[in-house]
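What follows is a set of notes on a single structure, which appears directly below.
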Amino acid sequence: MVVAALAFPVVPELSVLVALIVVAVSAWKLGPAWLLGRRARPDAGESVSVRRVRFEHRMRSRGYLETDRNGRREWWPVYFHTGLLAIAPDAAATMTTPRVGRTAFVVEPGVVAVSAGRVTRKQPPGTPFDAPRLNDADVRVRAARFGSLRRRVVMDSPAAVAGPVIGVLWVLASGGGVDDFLAATLLAAATAVWASAISGSDPS
């Protein structure tokens, strides 16, 4: 994404600004999540049961772990990885103490899921889809399908529809021409796809 941002010399100011934002936000969101995921242990934390559910809202698909704590249902957005496909409904999990704005779940059979945003006690917007109970063969097939970069880009690509609007606004503000419009549009589209992925989109 940073390479894409710096590849548009036609709009250097916008490219540099986007590159800085991408680096800063990626480090802020993914760095703590990666560290927490590495340090999460199944014997340290609160015992909860979880089920994986995906919500489709407009052109966006986002994955959650649903928990029931003290009679209150909660939804935790989580970063997708193919290991999540092995989680059965109402699986036993250990929930770590929140750190640096993130919470990790160690779910049987040893799958680690890290929150991608704030917990909500209201059902997320959109249509819910429960994760099916998969056998080992189905997990392997779906992991190969949903784990590919191409699948992720395709699922996140609807976010790019705002690209032309940003391109027009940039041309109106800077007084550029067609080259500026195309460069700003492509840069905005790539940034939108990145933003969708980093916020916890679910390609399954």
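The values are calculated or read from the model by the stated rules, or taken from the named source; none is laboratory data. None of these values were measured; they are calculated from a predicted model. Cβ atoms come from the backbone with ideal geometry, glycine included; neighbour counts cover every protein chain shown. For the accessible areas, the whole protein counts, side chains as well, though only heavy atoms, and no ligand, DNA or RNA atoms are used. Shrake-Rupley method; radii C 1.70, N 1.55, O 1.52, S 1.80 Å.
Residues of segment 12-25 that are modelled with pLDDT under 75 and exposed (fewer than 15 other Cβ atoms within 10 Å of the Cβ): Pro12, Glu13. Are any of the residues in segment 181-189 over 27 Å from Asp90 (Cβ atoms) and modelled with pLDDT under 75? No, the conditions are met nowhere in segment 181-189. Here Arg62 passes the criteria (1) closer than 16 Å to Arg121 by Cβ; (2) open to solvent by 20 Å² or more (accessible area, probe 1.4 Å); (3) in contact (Cβ under 8 Å) with a residue 60 or more places away in the chain; (4) not hydroxyl-bearing (Ser, Thr, Tyr) except the one numbered (1).
Among the residues of segment 54-67, those that are modelled with pLDDT of 85 or more and either over 27 Å from Pro158 (Cα atoms) or under 14 Å from the mean Cα position of the chain (by Cα) (or both) comprise Arg54, Phe55, Glu56, Arg62, Gly63, Tyr64, Leu65, Thr67. Just one of the numbered conditions (1) within 17 Å of Gly63 (Cβ to Cβ); (2) modelled with pLDDT of 75 or more is not true of Glu108: (1).
Taking segment 156-176 as the range and being open to solvent by less than 60 Å² (accessible area, probe 1.4 Å), touching a residue at least 24 places away in the same chain (Cβ under 8 Å) and aliphatic (A, V, I, L, M) as the test, the residues that pass are Ala159, Ala160, Ala162. Cβ-Cβ contacts under 6 Å between residues 6 or more apart (or on different chains), taken from a first residue in segment 44-56 that is under 14 Å from Ala92 (Cα atoms) to a second residue that is of a type in the set (Asp, Glu) and surrounded by fewer than 19 Cβ atoms within 10 Å (Cβ to Cβ), are listed as Ser49/Asp90; Arg51/Asp90. Just one of the numbered conditions (1) in contact with a strand residue (DSSP E or B) (Cβ under 9 Å, 6 or more places away or on another chain); (2) in contact (Cβ under 8 Å) with a residue 60 or more places away in the chain; (3) hydrophobic (A, V, I, L, M, F, W, C) is not true of Ala190: (1). Among the residues of segment 83-92, are any part of a strand (DSSP E or B) and out of contact with any Ser or Thr (no Cβ under 7 Å at 6 or more places or on another chain)? No: segment 83-92 contains no residue that is part of a strand (DSSP E or B) and out of contact with any Ser or Thr (no Cβ under 7 Å at 6 or more places or on another chain).
For every residue, the table says whether it meets (1) in contact with a Gly (Cβ under 8 Å, 6 or more places away or on another chain); (2) under 22 Å from Ala19 (Cβ atoms); (3) among the aromatic types (Phe, Trp, Tyr).
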| residue | (1), (2), (3) |
| --- | --- |
| Val153 | no, yes, no |
| Leu169 | no, yes, no |
| Ala188 | yes, yes, no |
| Thr191 | no, yes, no |
| Ser204 | yes, no, no |
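For segment 32-53, the candidate set comprises residues that are at pLDDT below 75 and under 30 Å from Ala190 (Cβ atoms); within that set, the residue that is most open to solvent (accessible area, probe 1.4 Å) is Arg38.
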